[in-house]
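Here is the structure we will look at.
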Amino acid sequence: MIDASRLIQTDLPPMPAPVWFVQFFKVLGFTLHAVPMNLWYAGILIALVLYLRGGEHGRTFSCRLMTQMPIILAYGINLGIVPLLFVQVAYAQPFYSATILMAWHWMAIIALLIPAYYGVYLYSFGLRPDGPGLTAFRRTAGWIAAVLLVVIGWLFVNGLSLMVNIEDWPRLWQRGDVFGATLGTGSNIADATLWPRWLLMLGLAIGTTAVWLVFDATWFAGREPDEYRQWAVAFSWKLYTAGMIWFAIAGTLYVITGWHSFRHMFGFPTILLTLLTAASPALPWLLLFRHVRASQLPDRTMAALIGLAQLGVLGINAISRQVLQNIELKPYFDVLGRDTATQYGPLAMFLLVFLLGAGVMTWMVWQLVIPQQPAEGSDN
């Protein structure tokens, strides 16, 4: 068997930016990307089920989310560029090696994303008052899009988990070797941590969808009746509870199956981060529960705080995943020990474009908020 350490090139040019800068924007970019990604990862399936079985209010939320989904998809795809860029800057050797070993699966992401995008548009346009109606063809397109986006999520987890599962690379390469070249048909499916990690992300996505339900009801649904918005608060807490339980079970399985790496996360001081990650969903859950008990829709400020709390949950999980990724790669690839030769020109250009892009996206969202007026008789 080939020594796995020989498959990673260590004689590398210096990184063009400080390690802390790369790690910070990789985590920040993934956290921002995770919000819309969660909404299409779990939100579409939830919306489709609610349209069939959710009653009047469930159908209202389903229609609202699915008419927003083309914009959410566009935001998510564009925000995904940032973490992917910094993965390639800091982790090019393990990233490209892993994606070459599973090249056909990795390229399939684009092939699946295009029909998924069209499927979302077909379903969304069928819901418009002036649209053609939600025909059987458009409903089918919506379900196909939901399945394809879940599969895409699985392929991403497959590739990024293979990136750190370097011990398995020789087996995958030899199994697909043709005269020294790999066929690109490998997969990390034999890794016991793959499925718990994928399910963990699904639990987080359910929680994000629940928080979006309240945020949308408060900020964007001012013209909906009060009955709908009261339902949104109660249902979001139930949905978040389900997502939190899912997150706890999948997270426990993830720790057990990946204990050879996770044991480092239970030493001091990283155990503090581990405990914070495990407990982080409690804050959004408690904030939602407070309003459920009072049978009160949160005002816009409180809804924003609940949204920020969920953003914090995603951010803390991204930080933990980053720390664990560095631990898993360290025997073969010590990214924290790499030399740097900062290129200030490209760095300044990136920061300028990033800030301008963030400003434009914020302005676009605010234009959707401005015309929303509270429903008659509402206190919000």
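All of the numbers you see were taken from the coordinates with simple rules; none came from a lab. Because the structure is a prediction, the values reported are computed rather than measured. Neighbour counts run over all protein chains shown; Cβ positions are idealised from the backbone, glycine included.
If each of T135 and E56 carries a label point 7 Å out from its Cα toward its Cβ, how far apart are those two points in nm?
3.0
Under the rule a/c < 1.5 gives rounded, and otherwise a/b versus b/c splits prolate from oblate, where does the range 62-173 land using the Cα gyration tensor?
The shape class here is prolate.
When only alpha-carbon atoms are used, what values of Rg and Dmax, in angstrom, describe the range 64-108?
14.4, 43
If you look at just the Cα atoms of the range 1-130, how large are its Rg and its Dmax in Å?
Computed over the Cα atoms of the range 1-130, radius of gyration and Dmax are 19.7, 63 Å.
When the helices in the chain are scored as -39500 (n - 2.57) per DSSP H run of 4 or longer and the sum is shared across all residues, what 222 nm value do you end up with, to the nearest 500 deg cm²/dmol?
-24500 deg cm²/dmol
How are the Cα pair distances of the range 270-322 distributed, in percent, across 5 Å bins from 0?
Per 5 Å bin, starting at 0, the Cα pair percentages come out as 5, 21, 25, 19, 13, 10, 6, 2.
Using a Förster distance of 30 Å, how high is the FRET efficiency between L12 and A108, based on the Cβ-Cβ distance and rounded to 0.05?
Plugging the Cβ-Cβ distance into 1/(1 + (r/R0)^6) gives 0.55.
Ranked from highest to lowest mean number of other Cβ atoms within 10 Å per residue, what is the order of the peptides 358-366, 190-198, 36-44?
Highest mean packing first, the order is 36-44, 190-198, 358-366.
Tell me, rounded to the nearest percent, the portion of alpha carbon pairs in the range 240-286 spaced more than 13 Å apart.
Value for the range 240-286: 61 percent of Cα pairs lie more than 13 Å apart.
Over the Cα atoms of the chain, what radius of gyration and what Dmax do you get, in Å?
In Å, with Rg to one decimal and Dmax whole: 22.0, 74.
What's the angle, to the nearest 10 degrees (0 to 90), between helix 226-257's Cα axis and the longest principal axis of the chain?
The two axes meet at around 20 degrees.
Above 23 Å lies some portion of the pair distances; for the range 229-380, what is it as a whole percent of all C-alpha pairs?
Within the range 229-380, distances greater than 23 Å cover 59 percent of Cα pairs.
Can you tell me the FRET efficiency between L283 and R175 if r is taken as the Cβ-Cβ distance and R0 is 30 Å, rounded to the nearest 0.05? Let's see the in-between values first.
Numbers: r = 46 Å, r/R0 = 1.52.
It comes out at approximately 0.05.
Rounded to the nearest 10 degrees, what's the angle between the helix 81-90 long axis and the longest principal axis of the chain, both from Cα atoms, 0 to 90?
20
For the chain, what does the relative contact order come out to in percent, with C-alpha contacts under 8 Å and a separation of six or more?
It comes to 23 percent, rounded to a whole number.
Can you give me the C-alpha center-to-center distance between the range 145-186 and the range 58-129, rounded to a whole angstrom?
The two parts, judged by their Cα centres, are 19 Å apart.
Out of residues 5 or more away from M15 or on other chains, whose amide H comes under 5 Å of its own, with H placed 1.01 Å from N in the peptide plane?
D339, T340, A341
Share of Cα-Cα pairs in the range 112-239 beyond 26 Å, in percent?
For the range 112-239, the share of Cα pairs beyond 26 Å comes to 48 percent.
Sorted from largest to smallest, which semi-axis lengths in Å does the alpha carbon gyration tensor of the range 166-298 give for its equivalent ellipsoid, taking the root of 5 times each eigenvalue?
41, 20, 10
Taking +1 at the Cβ of each Lys and Arg and -1 at the Cβ of each Asp and Glu, which of V120, P196, V233 sits farthest along the dipole of the chain towards its positive end, judged by Cα position relative to the Cα centre?
Of the listed residues, the answer is V233.
In nm, give the distance between the simple-model label positions of I81 and F350, each being 7 Å from the Cα along the Cα-to-Cβ direction.
Taking the simple label geometry, I81 and F350 are separated by 1.4 nm.
Using a Förster distance of 22 Å, how high is the FRET efficiency between T342 and L28, based on the Cβ-Cβ distance and rounded to 0.05?
E between T342 and L28, to the nearest 0.05, is 0.70.
To the nearest 10 degrees, how steep is helix 19-38 against the longest Cα principal axis of the chain, on a 0 to 90 scale?
40
What base-10 log of the normalised intensity I(q)/I(0) is obtained for the range 255-345 from the Debye formula, alpha carbons as equal point scatterers, at q = 0.22, 0.23, 0.24 Å⁻¹?
Per q value, in the given order, log10 I(q)/I(0) is -1.05, -1.10, -1.15.
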